[in-house]
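Below is one structure, written out as structure tokens; comments come after it.
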Amino acid sequence: MESLPGAVAEIRAFNRAYTRRFGLLDEQHLGSDLSLGEVRVLYELAHREGSTAAVLARTLELDPGHLSRMLGGLRRSGLVRRSRSPEAGRREFQRLDRKANSHVSGLLRDLSPRHRSELVRALSGVRRLLEPDAEGRAVVVRNHRVGDLGWILERHGAVYAEEWGWGAPFEAVVAQVVADFGKAHDPRREACWIAELGGERVGSVMLVAHPERPGVAKLRLLLVEPEARGLGVGKTLVDVCTRFARTAGYRKITLWTQSVLTAARSIYARAGYVKVSDGPNTGFGEGLVAETWELEL
């Protein structure tokens with residue numbers, strides 16, 4: 001896991017590369033007579049009808065005095081006025097907006113399609129982490145599709161290795177569960193779901209029939225990516241399982257977990273699950289206690 005000083009150094013290095021690559025240090029942004037801050041203010045005014053200085057200051061997290069000086073400069077340039085923005089301001093914003101899009105497009109054309117997708121995913125991840133209330137924060141749950149089972153296996157292996165040190169034995173268990181589901185499952189009574197935030201996969205869960213207990217379903221492979229925790233993703237996935245199980249006619253759901261997974265155990269408890277047994281588990285590491293929880297439907 002990245003140390004705090006290492007993370008600080010990496011973020012500062014990214015900031016230097018980003019500002020240099022996108023020309024953000026130029027006094028005249030995008031070849032105009034406006035600074036980056038002034039262009040940003042024009043952007044907000046173009047997208048917010050009737051916006052006030054107070055709203056702009058809160059939205060951009062700017063000092064009101066600094067914003068007032070920028071607005072004064074824009075007024076002297078004839079781009080804004082205290083009432084509705086003049087047409088000159090709209091035309092200037094549209095010109096700068098087209099130029100910004102062209103500039104970014106030029107940078108992206110230098111990348112291969114794979115690297116372009118990787119960049120977009122990385123920047124989307126940065127935005128999710130730094131702007132937890134950004135648009136598109138609703139959890140979307142969908143049924144699995146091609147590629148999702150491989151993602152479930154890869155992310156379980158990576159996340160649990162980093163957070164708990166569970167290696168190949170744990171990954172082998174997950175691989176078997178994934179393979180069994182992929183080879184044969186009854187879509188009327190078994191399903192796999194993926195949770196997405198902003199179009200990115202951030203969680204998974206499965207519900208399958210218990211092989212030895214008729215009328216009992218097994219909840220398996222609940223995972224929430226670290227950056228999506230605290231947003232209700234786990235609860236949403238567990239609730240989807242409960243609704244599906246009731247519709248499919250199950251009378252009970254059972255699951256197997258570890259006592260150290262306190263966040264998951266809390267989700268199960270709030271959903272009505274009750275721990276019915278526990279015992280030592282040496283399969284993934286030392287000192288683990290495996291637990292079985294069940295929910296009566």
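So if R0 is 51 Å, what FRET efficiency would Gln94 and Asp239 give, r being the distance between their Cβ atoms, rounded to the nearest 0.05?
0.70
Mind giving me the nanometre distance, one decimal, between the label points for Ala248 and Arg75, set 7 Å out from Cα along Cα→Cβ?
Those two pseudo-labels are separated by 6.5 nm.
Of the listed peptides 154-165, 272-283, 230-241, 108-119, what is their order by residue-averaged count of other C-beta atoms within 10 Å, with the highest listed first?
The densest-packed peptide leads the list: 230-241, 154-165, 272-283, 108-119.
Using the reciprocal of the averaged 1/r over all distinct C-alpha pairs, how large is the Kirkwood radius of segment 132-191 in Å?
This gives a value of 13.5 Å.
P(r) for segment 255-297, please, calculated from all Cα pair distances in 10 Å bins and given in %.
The percentages, shortest bin first, are 30, 54, 16, 1.
With N denoting the number of residues in segment 192-297, provide Rg(C-alpha) divided by 2.2 N^0.38 Å, to two decimal places.
Taking the Cα Rg and dividing by 2.2 N^0.38 Å, one obtains 1.07.
Can you return the lysines within cross-link range of Lys218? Criterion is Cα-Cα under 26 Å, with same-chain partners fewer than 8 residues away left out.
Partners found: Lys183, Lys235, Lys252, Lys275.
Multiplying the sequence separation of His185 and Arg213 by 0.36 nm and subtracting their Cα-Cα distance, what value in nm do you get?
Working it through step by step, the gained length comes to 8.4 nm.
Given points 7 Å out from each Cα along the Cα-Cβ axis, report the Ala161 to Val55 separation in nanometres with one decimal.
Simple spin-label model gives 5.0 nm for this pair.
Whole-Hz Karplus ³J(HN,Hα) for segment 140-147, in order, using 6.51 cos²θ - 1.76 cosθ + 1.60 and θ = phi - 60°, x for Gly and Pro?
Karplus values, whole Hz, x for Gly and Pro: 10, 10, 9, 5, 5, 9, 4, x.
No value in this document is a laboratory result; all are computed from the given coordinates. Remember, predicted model here, so these are calculated numbers, not experimental data. Cβ: placed from backbone, ideal geometry, glycine included. Neighbour counts: every protein chain shown.
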